[in-house]
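Asks: First, the structure itself, so that you have it in front of you.
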Amino acid sequence: MTALKSVVRVGIADLNIVREPDTIRTSGLGSCVGVVLYDEKKRIAGLLHVMLPDSSLGKSDKLNMAKFADTGIYALMEALKAEGVRPLSLKAKIAGGAQMFQFGSSDTIRIGPRNVEAVKKELGRLSIPIVAEDTGGSSGRTIEFDPATSILNIRTVNAGTREI
Amino acid sequence: MSTENPITDMHLDVLKEIGNIGAAHAATSLSQLLGRKIDMHVPNVRLVSFDEMFEMAGGPEKIVAGIYLRIEGDLSGSMFFVLPIESANHFIQRLIGDSSFDFNQNPIPEMGVSAMQELGNILSGSYLSALSDFTGLNIYPTVPSLSVDMVGAIVSFGLIEVSQYSDEVIVINTRLHEEDEDGSSSVDGHFFLLPDPPSYLTIFRSLGVL
């Protein structure tokens, strides 16, 4: 019997986990960064849609872990651990962090690059290697990861589709 | 908005009135500019999740021409004028008198980019000056910037400020619409006004509803 493939969707400031044969996808990344953590052998992956670099920016009493690079990556790693994945076997692929407009308030103008820096710093802290990345530029991205092949598919409006 | 100051239905009605006044002025400017009547719908004002906000504009992957500008002064916030590509093409073709103009071209012809930014200038200027007259607040728009890309990528930029306070955003959404002589829809777009959370209090205070 062949299993029916389905696509798990992750919204903005959200995270989720997927196992082969399903794939996982997030749409319309601009300055946000999509972070995929995966275990190649177990064919399981998690995807996080980061909006802000650091949870210290949060001014609300309710903390949405998935919104920030520091808390979100940690939360995603914990969720994968709960599925029996060893942190040492995790690898990462990241995409996004574009600069969609050339101006904004002083906080927001460099938010894309700042998100990318924060994601890299946190992955470094957790000793998770970045295998591939497609970051920066000024285009939006839709990304989809397949845990069966460890391929991240990236679609943009102007530059077409590529795989990393 | 902190829990001590919940937004009530009355507050949402006040924001709706603000959208009404602003959009009516913008519609008049637009109709004059194009020499034809553009319908603006009564704005709807809702507190929605970020994902719901993208759905309002056609879904996160929908490709649009989006004009973005910041509002500064007594109030701060973001404003978007979002048109699906077909609608944006229609608009600009008519405005510059060139029926071959297409936002799908890469690079986009400079004439069209300028015209679209000028359109953003005129619309946001008339919207915000009406808002300024009504509230007595000083409000200045920044120069508008254009991006042709996915809705999620464009609009999320305007959610960065809000996202530091909340996982939800108050959207003052006005739909604009125009039908051709044959009844087909030629233009269908949205104005989104997203005040930064600290500015809600400023608006309510200026109108004496706090």
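The values are calculated or read from the model by the stated rules, or taken from the named source; none is laboratory data. Everything quoted here is computed from the prediction, not taken from an experiment. A quick note on method: Cβ atoms are made from the backbone with ideal geometry, for glycine too, and the neighbour counts reach across all protein chains shown. Each accessible area value is taken on the protein alone, full model and side chains, heavy atoms only, with ligands, DNA and RNA left out. Shrake-Rupley method; radii C 1.70, N 1.55, O 1.52, S 1.80 Å.
Asks: Pop the C-beta distance of B:Glu61 and B:Ile122 into the FRET formula with R0 = 35 Å and round what comes out to the nearest 0.05.
Replies: 0.75
Asks: At 1.4 Å probe size, with the rest of the protein present, what percent of the exposed accessible area of the protein assembly as shown is carbon and sulfur atoms?
Replies: 49 percent
Asks: With N set to the number of residues, divide the alpha-carbon radius of gyration of the protein assembly as shown by 2.2 N^0.38 Å and report two decimals.
Replies: Taking the Cα Rg and dividing by 2.2 N^0.38 Å, one obtains 1.03.
Asks: Of all GluC sites (Glu not before Pro) in region B:1-105, which ones are in loop regions per DSSP and have a Cβ with at most 11 other Cβ atoms within 10 Å?
Replies: B:Glu4
Asks: Can you tell me which of A:Leu76, A:Leu88, A:Leu126 moves the most in a GNM of chain A? Springs connect C-alpha atoms under 10 Å apart.
Replies: It is A:Leu88.
Asks: Taking a probe of 1.4 Å and counting only protein heavy atoms, give the total accessible area buried between chains A and B in Å², rounded to the nearest 100.
Replies: It comes to approximately 2800 Å² buried between A and B.
Asks: Another question, if that's okay. With the solvent-accessible surface defined on protein heavy atoms using a 1.4 Å probe, which residues belonging to region A:1-33 display a reduction of at least 30 Å² in accessible area in the multichain context relative to the isolated chain?
Replies: When all protein chains are present, A:Ile12, A:Ser27, A:Gly28, A:Ser31 each give up 30 Å² or more of accessible surface.
Asks: Enumerate the lysines that A:Lys91 could reach by cross-link, defined here as Cα to Cα under 25 Å, with residues fewer than 8 away along the same chain left out.
Replies: Here the lysines satisfying the reach criterion relative to A:Lys91 are A:Lys5, A:Lys41, A:Lys42, A:Lys67, A:Lys81, A:Lys120, A:Lys121.
Asks: Further question: What number, rounded to the nearest 500 deg cm²/dmol, is the helix-based mean residue ellipticity at 222 nm of chain B, given -39500 (n - 2.57) per DSSP H run of at least four residues and division by all its residues?
Replies: About -15000 deg cm²/dmol.
Asks: What FRET efficiency, computed as 1/(1 + (r/R0)^6) with R0 = 22 Å and r the Cβ-Cβ distance, is obtained for B:Asn44 and B:Ser206, rounded to the nearest 0.05?
Replies: Efficiency at R0 = 22 Å is approximately 0.50.
Asks: Next question, about the same structure. Provide the percentage of antiparallel DSSP beta bridges, counting only those with both residues in the protein assembly as shown; round to the nearest 5.
Replies: Of those bridges, close to 90 percent are antiparallel.
Asks: B:Tyr140 label point, 7 Å along Cα→Cβ, cut-off 15 Å on backbone N: hits in region B:66-92?
Replies: It comes to B:70-77, nothing else.
Asks: Over the protein assembly as shown, give the accessible area per residue in Å² for a 1.4 Å probe, as an integer.
Replies: For the protein assembly as shown, the per-residue accessible area is 42 Å².
Asks: Please list, or write none, the lysines whose alpha carbon is within less than 16 Å of the alpha carbon of A:Lys62, excluding same-chain residues fewer than 8 places away.
Replies: Once the sequence-local lysines are set aside, nothing remains near A:Lys62.
Asks: Relative contact order for region B:52-192 using alpha-carbon pairs under 8 Å, separation at least 6, rounded to a whole percent?
Replies: 35 percent
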